[in-house]
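What follows is a set of notes on a single structure, which appears directly below.
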Amino acid sequence: MTKHFDVAVIGAGIVGLAHAIAASRRGLSVVLFERSHVAQAASVRNFGMIWPIGQPAGDRYELALRSRELWIELQQQGVLELEPCGSIHIAKHHDELSVLEEFAELGTHQVEMLKPAEVLKRAGIVNGDGLLGGMYSPTELRVDPRTASARIAAWLQASGRAECHFDTTITDVKEGHLRSSAGDHWIADRIVVCSGSDLQTLYPECLAESGLKLCKLQMMKVQQEPISTMSPHIAGGLTLRHYASFTQCHSLAALQDRIATNHPELDRYGIHVMASPFRSGRIILGDSHEYGDAITPFNKREIDELMLRELRHLISLPDWTICQRWHGVYAKHPTLPVFESQPDEGVHVFVGTGGAGMTMSLGLAEHSWQRWHDH
């Protein structure tokens, strides 16, 4: 007998999980599909940063803060652990300090400026050489990206909120019917396609016309001794070039011009460096951004070396031995926080949260379900 559900979600990365959560909270029956034995794409290959500070003022920042609340609810329900660590952007050039000061003066985000001694007190791993100051934001969280998706999926299954099917590739969706590559069959009144960087398997014509681009990032991990105190996420001045929240700062142009003139190699590979230090002593480091035809299956040694060069300016570590290197690929839309389309009746394609999937997915999914179901 073919099982019938209110909602089918394709993809058990953080975007698909967010939709399964939002649907189940509305009392709907949910089935969730994942082609791998566990989600192993962009949702596990990131810093574990819930990063509202990177979202521009207005609706996106508010959605990021709402996502933050939803992450905290998952922690309160015993689904996973979070560290309410906050973040510090540090400045070692006067143009970086000018951007941070201008940003803080705008008053659009919950931030405060720090003197060099205050930066070092809050984040002992910061390299103090040439430190001019920093900007602290309390809104950022840290979650273990390697376990978070699996733990959410296990909770959905165990609590009866969703029926989860792993190692199940959905290859055909038509008129509410879903078929897998193994020939299994399900029916759902509403289908949400959260296929991540896979833009070919389902609705390839729709996704080809979406404006989405694939982005590859390279990352690394070092292991230090466990720490007893919680450390904030650390970002450098290069990061100010990357996140949309800082584009409102007129002083950003001078910083961008300096990097373009003095270090074009950083722009070439989209390098901006960040560090996420876990209490376990694990520190996730990165990252870079290559797009479209520049993406290959092979990591570039030059990119890792450039990141390490800049990271040594950012933080000081007793042991710089790299214990793991990896890359991730995600889909990103040039202007939208996520690409949404309804190619067929009852089918929603929801792809392309870019590098903000951990930050935005829970809020974006809730917002969509308010439109789809609550009105």
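The values are calculated or read from the model by the stated rules, or taken from the named source; none is laboratory data. Note that the structure is predicted; figures quoted are calculated from it, not measured. Positions of Cβ are generated from backbone atoms using ideal geometry, with glycine treated the same way; all protein chains shown enter the neighbour counts. Accessible surface is based on the protein model in full, side chains and every heavy atom, while ligands, DNA and RNA are left aside. Shrake-Rupley method; radii C 1.70, N 1.55, O 1.52, S 1.80 Å.
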query: Tell me, what ³J(HN,Hα) does each residue in the range 166-180 have, in order and in whole Hz, if you take phi through Karplus 6.51 cos²θ - 1.76 cosθ + 1.60 with θ = phi - 60° and put x for Gly and Pro?
result: 9, 6, 10, 9, 7, 10, 8, 10, 7, 6, x, 9, 10, 10, 9
- request: Just tell me which lysines come within less than 20 Å, Cα to Cα, of Lys115; anything on the same chain fewer than 8 places away is out.
  value: Lys92
- prompt: What FRET efficiency comes out for the pair Asp184/Val38, r = Cβ-Cβ distance, R0 = 22 Å, nearest 0.05?
  reply: 0.70
statement: In the chain the accessible area split gives carbon plus sulfur, as whole percent at 1.4 Å, a share of 50
- prompt: Starting at 0 and stepping by 5 Å, how many percent of the alpha carbon pairs of the range 1-106 end up in each bin?
  reply: 2, 9, 13, 18, 19, 13, 9, 6, 5, 3, 1, 1, 0, 0
- request: Express in nm, to one decimal, how much length is gained between His250 and Gln223 on full extension, taking 0.36 nm for each residue of separation and deducting their alpha carbon distance.
  value: 5.9 nm
query: Lys300: which lysines have alpha carbons under 22 Å from its alpha carbon, excluding same-chain residues fewer than 8 sequence positions away?
result: Lys213, Lys216, Lys221, Lys332
message: Below 8 Å between Cα atoms, with a sequence gap of 6+, how large is the relative contact order for the chain in percent?
response: 26
message: Going Cα to Cα from Lys3, which lysines come in below 27 Å? Please leave out same-chain ones fewer than 8 positions away.
response: Lys174
query: Which FRET efficiency value, to the nearest 0.05, do you get for Asp6 and Thr171 by plugging their Cβ-Cβ distance into 1/(1 + (r/R0)^6) with R0 = 22 Å?
result: 0.50
message: Given the -39500 (n - 2.57) contribution per DSSP H run of 4+ residues, what per-residue ellipticity at 222 nm results for the chain, rounded to the nearest 500 deg cm²/dmol?
response: -9500 deg cm²/dmol
query: Between Trp326 and Ser159, what length in nm is gained on full extension when 0.36 nm per residue of separation is reduced by their alpha carbon distance?
result: 56.8 nm
query: For the range 21-142, with the dipole built from +1 on Lys and Arg beta-carbon atoms and -1 on Asp and Glu ones, taken about the Cα centre, which of Leu106, Tyr136, Ile21 lies farthest toward the positive end?
result: Ile21
- request: First measure r as the distance between the Cβ atoms of His94 and Arg371, then evaluate 1/(1 + (r/R0)^6) with R0 = 45 Å and state the FRET efficiency to the nearest 0.05.
  value: 0.50
Segment Asp267-Phe298, extension gain: residue separation times 0.36 nm, minus the distance between their alpha carbons: 9.2 nm
query: If you take the charge dipole of the range 1-119 about its Cα centre, with +1 on Lys and Arg Cβ and -1 on Asp and Glu Cβ, which of Gly86, Leu65, Gly48 is farthest toward its positive end?
result: Gly48
task: Can you give me the P(r) profile for the chain? Cα pairs, bins 20 angstrom wide beginning at 0, each as a whole percent.
output: 29, 56, 14, 0
Calculated from backbone phi, Karplus (6.51, -1.76, 1.60) coupling profile of the range 42-53 in Hz, x at Gly/Pro: 4, 5, 10, 10, 10, 6, x, 9, 9, 10, x, 4
query: Which trypsin sites (Lys or Arg not before Pro) does the range 57-152 hold that lie in a coil by DSSP with at most 11 other beta carbons within 10 Å?
result: none
- prompt: Can you list the HN-Hα couplings for the range 293-305, worked out from phi with the Karplus curve (6.51, -1.76, 1.60; θ = phi - 60°), rounded to whole Hz and with x for Gly and Pro?
  reply: 5, 6, 7, 10, x, 9, 6, 9, 4, 4, 5, 4, 5
- request: Output the peptides 167-177, 266-276 sorted from most to least packed, where packing is the average of other Cβ atoms within 10 Å over each peptide's residues.
  value: 266-276, 167-177
- request: From largest accessible area down, sort Ser67, Ser159; use a 1.4 Å probe on the protein chains.
  value: Ser159, Ser67
